[in-house]
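Reviewing the structure listed below.
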Amino acid sequence: MTTLVLGLSLGAPIAAGAQNAAASWQSTPASVLKNSLRNVVAAQDKYRGSHPVFASTVEALQVDPGTDVKIEIVGVTPTGWRAKATHRARPGRSCVVFVGALAASELPKTDGDGEMAGEERVPLCDRME
């Protein structure tokens, strides 16, 4: 009977590659803004769980995006909300997100490219080269 044994060393290059990829990854303004808006989505979910309405301010959500990021809740209805995030390093550019049932005219648009958020709970950003 012949047994084929694959060397355990196959895992080493994968692990080393993963470490190199993680070490070389750096946050960008767009990734910071998207993450900040995801935190707002989670905070709104939590807030709505204990209140009959969505929060109309970031302060009510107790979300601190840091000094480089500004988040605005730009609209709240009984069935939804929308928000915009901007980064100090990318003036004139933004990311937007919405949750709930909003009229098409209420869907948020990015500042630079004018792109309209199309998928609920998914942040959409301007190009930020």
inquiry  = Is the C-alpha gyration tensor of segment 29-90 telling us rounded, prolate or oblate? Criteria: a/c under 1.5 is rounded; beyond that, a/b larger than b/c is prolate, otherwise oblate.
reply    = prolate
task = Please compute the net charge surrounding Ser56, taking Lys and Arg as +1 and Asp and Glu as -1 over other residues with Cβ under 14 Å from its Cβ.
result = +1
inquiry  = Place a point 7 Å from Cα of His51 in the direction of its Cβ. Which residues in segment 77-109 have their backbone N less than 17 Å from it?
reply    = 77-84, 99-100
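At a 1.4 Å probe radius, which order do Glu119, Glu129, Glu72 fall into by accessible area, largest first? Walk me through the numbers on the way to the answer.
On the way: Glu119 120, Glu129 170, Glu72 65 Å².
Correct descending sequence by accessible area is Glu129, Glu119, Glu72.
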key: Over segment 32-129, relative contact order from alpha-carbon pairs under 8 Å, at least 6 apart, %   = 23
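The values are calculated or read from the model by the stated rules, or taken from the named source; none is laboratory data. Computed from a prediction, not measured in an experiment: that's the story for all the values here. Note that each Cβ is placed from the backbone with ideal geometry, even for glycine, and that neighbours are counted across all protein chains shown. For the accessible areas, the whole protein counts, side chains as well, though only heavy atoms, and no ligand, DNA or RNA atoms are used. Shrake-Rupley method; radii C 1.70, N 1.55, O 1.52, S 1.80 Å.
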